[in-house]
Each structure stands twice: as C-alpha cells, then as structure tokens.
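Below: one structure, written as structure tokens.
None of the figures in this text is laboratory data; all of them are computed from the coordinates on show. What you are looking at is a predicted structure, and each value in this text was computed from that prediction instead of being measured. Note that we place each Cβ from the backbone using ideal geometry, even for glycine, and neighbour counts take in every protein chain shown.
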Amino acid sequence: MKHYDDSLDRRLKRLNEEVNLTEDEKENILDSIHYNINHKHMKSNNIFNKPFVFAISSIAITLFFVVSLLLQQDSDIGTSNLQVTGKYNINSDEYTKEERIQLIKNYKIGVNRKDQINLGKGTNIPHSVGIMNRFDIGADDNYQFGRTQNVDAEALKNGGLDVQVFIESAGGDLPLSLKAFYYREDERQLYFFVNTGEAVYEYPIDEALYGENRDLFLLEKLKHELEVGMSKEEVIQNLGPYDQDFHSSPVDRKFWRYDVEPNKGDPYTKYYRFVDFSGIANNMLNMQVFVRWNGDSAESFSAVYFDETSQSVRQYHMSEGARLTEAIFNNEDNQHIHVGDFIYPVPSVNHITSQEKPYDTQQFLSVDELHAQTYDQTLNKAVSTFKNYRPGDTIYFEETIQSIIYHEAENKTEFVLSEDTSMEFAGDLREQYNEGDRLRLRFKVIPQSADGIYVTYDYAYHFYQHDESPQIEDYLVE
C-alpha cells in the first residue's frame, strides 16, 4: 500500500536541490544567529550557553528548510510557479501532462530561454520573419511530423503528444511569442494558448481548423462568420492563433497572416510578409488568410487560395462597405474587386507573377518606367499592382523638371515632369529648384488590401488622407 504521493515526492526532491545550502552558506547563517543572540538579546544572560546556541541554530536551519519547502510547495500546488530553470527538461518523466501544460503557460516572453524551463530539442520551422521553433512535448523518440507550422491535432487527441509548442524569436534566445496546443480528455476538446507578450489568449478550438480541409473551413468562416469590426479575441476564437503578425508603418496598421500548407512535401520556405501568389499558384501553399487591424478592430479580411475545380487562384476580400467580394485571377479582362473605398481592376496572372522575376529595386525609375510598373501588358490597361515591387519596398525615382508652377492661393509648387505627369509639394520651392534640375525622390509601397495585392505608394496615398500637399522633405533621397 502506498503511503506517499508520487507527484509531491518528485517535487520535494526538486525543491530540496533548489534550497540545498553550501557549507559556506550554512556557516554564514550560524554566524548571523550567533551575532544576533550575543549582541541584541541579553548578551549578559548566562542562559545562552554554547549548547543552547547550537540547538537554537539547528532549529533555525531546520525551520529555514521547512519554510522554504512549504512556500515552494504551496506555489507549485497553485498554478503559477512550477520549476522553470533551464536545467530541468519539461520532457522528463517527473512531470505530468497537467504540469507540462502549466509550465508552458508560465513561459515568459522576452526572458532568455536559458533561464526558463528546458523545452528539449526543437524543430526549426521556415518563417517569414525571425525564427520559429516547434517543440513536441511528451512525444516518444520515434515521433516525426516534418518541418511544418501545421498542428498535429490527431497526435494531441490520441495521446501521442502532450503539448505542441511554437516559439517565435528574432534570433538568439529571446522569445517574441508563444502558441501551444493541447487536448483535454475530460472535455474531449482541443485547446490553444497564445502569449504575444502584449496579451494572452486561451480558448477551445475546432479541430477542423487543423484538419485536412482547413482551407475550406477557413473560407466558410470568412464568408459566413467573420465581420468587420471584430476584436482580436473574437477573430482568434474563430480562426485560431495566427502564423505571423507584422506591422506596416506607412499606413500604421498591423496585419495577421494564416498559412495553410499542403499536408505533404517540403515546408513552406518563402519569406514574404504579404501574399505569396506564386506559392499558392504552384501548390506550395493551399491558402493564405490576412486580417488588417485598425487598433483592436478588424478593418478588413482577405483569403487567397487555389481552387482545384477551376484550377485557378481566387481571392475573397471583405472590408467596410463591401461585405464580401470575389475575384478569379486569370488573364482575362473585366474583373474588379471592391476594397474599402476603392474598386480595383484585377491584374492578370502574368502581371502579378512577374514579381518573382529578378529585378534591381535599387535603380532609379523615370516617369515612364514608374508608369510601366502598374501597366498590365496582358490586359493592356493600368492596374493597382506593381510589376516588380511588393508592400514595404522602396521605389527610387528620378526625373528632369520641365517647368515649375507656383500656386499662390494654395501655397504649393507644381513640378511638371512630362506632358501628362506633374507632382506638387507644399510651399514655394522656386528658389530651391530650377527648370532642368533633376528631381530625386523615394516612395514607399503601401498595401491597400489586407493581402497586399492592391497597392499604392505613400506620395499618392497622402492625397487620400490629407487635403494639403505633402512636404518634399519627406521624399527626398539623402
């Protein structure tokens, strides 16, 4: 018959190692006790003889150990302070599944991994920003799942895994975010836990989000359950934790991206923040879903995926004023998509896939070359997708000033650069520039749609946001 608790016994052994004092530390404690007895408490009283002092000292040390153990034990039995120093491996048999889950929840974002619980050997996952490592907690030595961001829901459900953890870092040992998946047998429910460093989320999750038809399930969610204006918690409850989050500074917006990889072949290894159109067209990805945020409110949603039936890439986009609009990417004309306040012509496949071709984005473009970037040669018309530039890229521009016009009423200067192109900037710039000068500027490509397919550049975007002309200093090449 057992007369002790295995779990408690294991914890006490670990705790004993923690509070085990060196001989010097014990000597310091004794010296401190002797000092306090002799100098602060009736030092002329003969009752404090050496044997008595020794007994008191022994009791004090014993009490120190007991109190330390009790305090630590109380913390362990709670939910927040299980042992997390790096010398302990979470895969050790000393930990139960429940303890492993709690240790993952206690994992600190921004704290060196070496100072936290050892998660064991991780699997490096190709990632668009920083480094992603997956840790298969509780798996046996024969477990294999490949280098993928997919979640092994089946192994979590049947006990082949206790927890599956994904940790993103910028490099080195500082984690930027953590997401974990585990299965609760008592509820028969898959759960996920996300710690972004800014917020913590924990929700039950529909297993279909990580099943074979995840792309179709996400598409149904987008079409029938998601709404513009949803909070981050509401989106996570519907779609689960995102695969990537990033910020676009020119529009001051945050984006979430969900990657649906095929359940076969090599892992997705491209490093684009926004949509990888060629990757979807070539079956490297089944789908990418994007959420564009305005603060904590979802501003727009987009899904780009490969449709097996039509053998074409399709796009769904939802934004304020346009519940849901759909586009089919092919090489035919007369397709448009509604994004926010704009209606964009859908570019041809030939035009959008030209972004994959080698191109020197550091070169300076003329007026004609800048116009050519948005001219779709297959459709023979202008579109809102650059041929060789993606969101976040910088366009370098250089052109000769043909003439200068100062508009006194608006206090702005217009530079005429060609028969049909001019640029205007705030203030009177006639003393700074002359006809025949070379105007050298730089522009930032910014996303208009959540997926980054439809874009503009910051100079043009300024006029959409403001009534006045921009300052030329904001665009000058240094």
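Of note:
- Beta bridges by DSSP in segment 355-474, antiparallel share as percent, to the nearest 5: 90 percent
- Loop-resident trypsin sites (Lys or Arg not before Pro) (DSSP state other than H, G, I, E or B) in segment 103-172 with no more than 16 further Cβ atoms inside 10 Å of their Cβ: Lys108, Lys121, Arg147.
- Distances between placed amide hydrogens fall under 5 Å for Leu365 paired with Tyr396, Phe397, Glu398, all partners being 5 or more residues away or on another chain.
- Neighbours of Ser418, meaning other residues whose beta-carbon lies under 11 angstrom from its beta-carbon, give a summed charge of -4 when Lys and Arg score +1 and Asp and Glu score -1.
- Separation of the alpha carbons by more than 18 angstrom is noted, of Lys254/Lys357; Lys105/Lys254; Lys108/Lys179; Lys108/Lys232; Lys121/Lys157, for Lys254/Lys357; Lys105/Lys254; Lys108/Lys232; Lys121/Lys157.
- Loop chymotrypsin sites (Phe, Trp or Tyr not before Pro), segment 304-405 (other Cβ atoms within 10 Å of the site Cβ: 15 or fewer; DSSP): Tyr359
- Charge tally in the Cβ shell below 12 Å around Val251, where Lys, Arg are +1 and Asp, Glu are -1, Val251 excluded: +1
- If you take the Cα centroid of segment 290-319 and the Cα centroid of segment 332-373, the two points sit 19 Å apart.
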